[in-house]
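Novice: This is the structure I want to talk about, given as structure tokens.
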Amino acid sequence: MSFINLKEKVVQVKIVYYGPGRGGKTTNLEFVNRTYRKQILSEMVSLKTHGDRTLFFDFLPFDMGKIKGYDIKIQLYTVPGQVKYNATRKLVLRGVDGIVFVADAMEKQREKNIRSLNQLHENLQSYKESIFKIPLVMQYNKVDLKEHGIPVLPLSVLQNDLNSRLKVPYLEASAITGYNVAATLKKIISSSVISIQKKLL
Amino acid sequence: MNYGIVSQEQLEQIDVILSDKLIKLGVDCVIIIDMAGNIITAKDNGESKYDVYSFAALAAGNFATVDAMAKLVGEQEFSLLFHKGQESNIHFSKIDDELLLISMFGQDISLGFLRLNVVDVVEKIRKIWEKE
Ligand SMILES: Nc1nc2c(ncn2[C@@H]2O[C@H](COP(=O)(O)OP(=O)(O)OP(=O)(O)O)[C@@H](O)[C@H]2O)c(=O)[nH]1
Ligand SMILES: [Mg+2]
């Protein structure tokens, strides 16, 4: 649930990057943090293990400027993707307004993507939210690996596995080079803001 | 209250309560957040410069973690959540299922005194929500 302050005319929007472990969620936020310094209100917070895996979440507040007189403050979060951390993943999803599902396009990660998406569905249900209703964008990450001869799932397979029923906007991306990272963010922000506006009317 | 939206009037009333009951006593900074990590309001004594957005995200995570641990050991909740440091302390208090009041204060206020005032503030804030 976004939080709207009518006195100061501020809307806070919570966007969560979700997906299997090592899929590139943290890398997405790191790229945004580097590229949009001016719009970032403070330091990125990363609660991680020594091996650089997300332990609880990454957090990055991002200032969108004004829409219809309201100051839009975007709060970007990532969840920890490792299977054992589902309890913390659920905590991070509390009050979410929009989700980017970061799938790992590497061929050998095919099953993990599907399992992670199914669990997202269950986790949202525990908050009485529906994966079919919440603003969601699919990001097929690591497409740069093709050039390095590493087998990557074709778009048609990813779409069929993950997006055949959801039918949400999708982008191929490479978080490490930044390809489509900003486009993904813009897409989810606009879907989330539209959905909040609808709820307000 | 239509949760998620607070009116200007409600916020002004809450800000007055926070100033009168906590900041004037010497509390450095008070923040009300929701369980998703959003800031509802923040008041400080004009000297403390905390990064309240990151703070809110971490505080919501911390509270949620402790709450989940309480449930694992069969407790409804741990009623006292308090972190003590050399110079500053942080006290958490649940307003209702969605809102948390967080106070940051130094060594010149005792925990007991703070808690008494926090209880009072929480009651007053609940009343403001109820009026809706
Ligand atoms: N080649 C390539 N590597 C990537 C890309 N995105 C992320 N990586 C690498 O994949 C590894 C994992 O990335 P992270 O961003 O930490 O993954 P995560 O999803 O946050 O992982 P968890 O925190 O465990 O859930 C790192 O070594 C990244 O450098 C990409 O687009 N292309
Ligand atoms: Mg991570």
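Each value in this text was obtained by applying a stated rule to the coordinates, not by laboratory testing. Quantities reported herein were computed from a predicted structural model and do not represent experimental measurements. Please note: Cβ atoms are built from the backbone with ideal geometry, for glycine as well, and neighbour counts cover all protein chains shown.
Novice: Any idea how many residues of the range A:49-74 are basic (K, R) and within 16 Å of ligand 2 (Cβ to nearest atom)?
Specialist: Within the range A:49-74, residues that are basic (K, R) and within 16 Å of ligand 2 (Cβ to nearest atom) number 1.
Novice: Just give me the residues in the range B:5-16 being surrounded by fewer than 20 Cβ atoms within 10 Å (Cβ to Cβ) and of a type outside the set (S, T, Y), in sequence order.
Specialist: B:I5, B:Q8, B:E9, B:L11, B:E12, B:Q13, B:D15, B:V16
Novice: Among (1) free of Cβ contacts under 8 Å to residues at least 12 places away in the same chain; (2) over 20 Å from A:K14 (Cβ atoms), there is one condition B:V30 misses while meeting the rest; what is its number?
Specialist: (1)
Every residue, every condition in (1) touching a helix residue (DSSP H, G or I) at 6+ places or on another chain (Cβ under 9 Å); (2) within 14 Å of chain B (Cβ to nearest Cβ); (3) assigned to a helix (DSSP H, G or I), yes or no:
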residue: A:F101; (1), (2), (3): yes, no, no
residue: A:Q109; (1), (2), (3): no, no, yes
residue: A:S116; (1), (2), (3): yes, no, yes
residue: A:L120; (1), (2), (3): yes, no, yes
residue: A:Q139; (1), (2), (3): yes, no, no
residue: A:D144; (1), (2), (3): no, no, yes
residue: A:I150; (1), (2), (3): yes, no, no
residue: A:V157; (1), (2), (3): yes, no, yes
residue: A:L171; (1), (2), (3): yes, no, no
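Novice: Check A:A87 against each of (1) outside any helix (DSSP H, G or I); (2) within 12 Å of chain B (Cβ to nearest Cβ); (3) away from ligand 1 (no atom under 14 Å from the Cβ); (4) of a type in the set (A, V, I, L, M) and name the one condition it does not meet.
Specialist: (1)
Novice: Let me ask you something else. Tell me, yes or no, whether the range A:140-157 has at least one residue that is in contact with a Ser or Thr (Cβ under 6 Å, 6 or more places away or on another chain) and buried (at least 17 other Cβ atoms within 10 Å of the Cβ).
Specialist: The answer is yes; a qualifying residue exists.
Novice: Tell me, which residue of the range A:37-48 that is of a type in the set (A, V, I, L, M, F, W, C) and away from ligand 2 (no atom under 16 Å from the Cβ) is surrounded by the fewest Cβ atoms within 10 Å (Cβ to Cβ)?
Specialist: Of everything passing the filter in the range A:37-48, A:L41 is surrounded by the fewest Cβ atoms within 10 Å (Cβ to Cβ).
Novice: Scanning for something at the interface with chain B (Cβ under 10 Å from one of its Cβ atoms) and within 11 Å of ligand 1 (Cβ to nearest atom), does the range A:74-82 turn up at least one residue?
Specialist: Scanning the range A:74-82 turns up no residue that is at the interface with chain B (Cβ under 10 Å from one of its Cβ atoms) and within 11 Å of ligand 1 (Cβ to nearest atom).
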